[in-house]
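Shown next, in structure tokens, is the structure this report addresses.
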Amino acid sequence: GRVLGAELDNPDFVALAQSFGMAATRVSDPQALQLALSDFIKRDVPALIEVPVEQGSETSPWSFLHPAPHTEET
């Protein structure tokens, strides 16, 4: 029942980045993300890619940050 992340209404991070001259875009699917990544890597510039996610769809990062110890069978 814990909340992970935050609900942000403001600012528009893409517009904010662009107002400082930074390359920025918002993507909504994996294909668009792949294209944006490819474009920004080719351009070799700092960039911001915003990927909106549905509130409540987050997964706890703890299992990735602190995985269970691996035990080897002998």
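The values are calculated or read from the model by the stated rules, or taken from the named source; none is laboratory data. This is a predicted model, so every value here is computed, not measured. For neighbour counting, all protein chains shown are included, and Cβ atoms are generated from backbone atoms with ideal geometry for every residue, glycine included. Each accessible area value is taken on the protein alone, full model and side chains, heavy atoms only, with ligands, DNA and RNA left out. Shrake-Rupley method; radii C 1.70, N 1.55, O 1.52, S 1.80 Å.
Kindly indicate whether Ala24 is small (Gly, Ala, Ser), in contact with a helix residue (DSSP H, G or I) (Cβ under 7 Å, 6 or more places away or on another chain) and surrounded by 10 or more Cβ atoms within 10 Å (Cβ to Cβ). Yes, satisfied. Checking every residue in the range 25-32 against the condition of being at positive phi and modelled with pLDDT under 95 gives zero matches. When the criteria are applied in full, Leu37 fails the requirement of being hydrophobic (A, V, I, L, M, F, W, C), assigned to a helix (DSSP H, G or I) and closer than 21 Å to Gly5 by Cα. Consider the range 1-20 and keep the residues that are open to solvent by 70 Å² or more (accessible area, probe 1.4 Å) and small (Gly, Ala, Ser). The one that is modelled with the highest pLDDT is Ser19. Taking first residues from the range 49-74 that are closer than 17 Å to Arg26 by Cβ and partners that are open to solvent by less than 100 Å² (accessible area, probe 1.4 Å) and assigned to a helix (DSSP H, G or I), the Cβ contacts under 8 Å between residues at least 6 apart in sequence or on separate chains come to Ile49/Leu33; Ile49/Ala36; Ile49/Leu37; Ile49/Phe40; Glu50/Phe13; Glu50/Val14; Val51/Leu33.
All conditions but one from (1) open to solvent by 100 Å² or more (accessible area, probe 1.4 Å); (2) within 15 Å of the chain's Cα centre (by Cα); (3) among the β-branched types (Val, Ile, Thr) apply to Ile41; the one that does not is (2). Looking across the range 50-61 at every residue that is at pLDDT below 75 and of a type outside the set (S, T, N, Q), the one that is least open to solvent (accessible area, probe 1.4 Å) is identified as Pro61.
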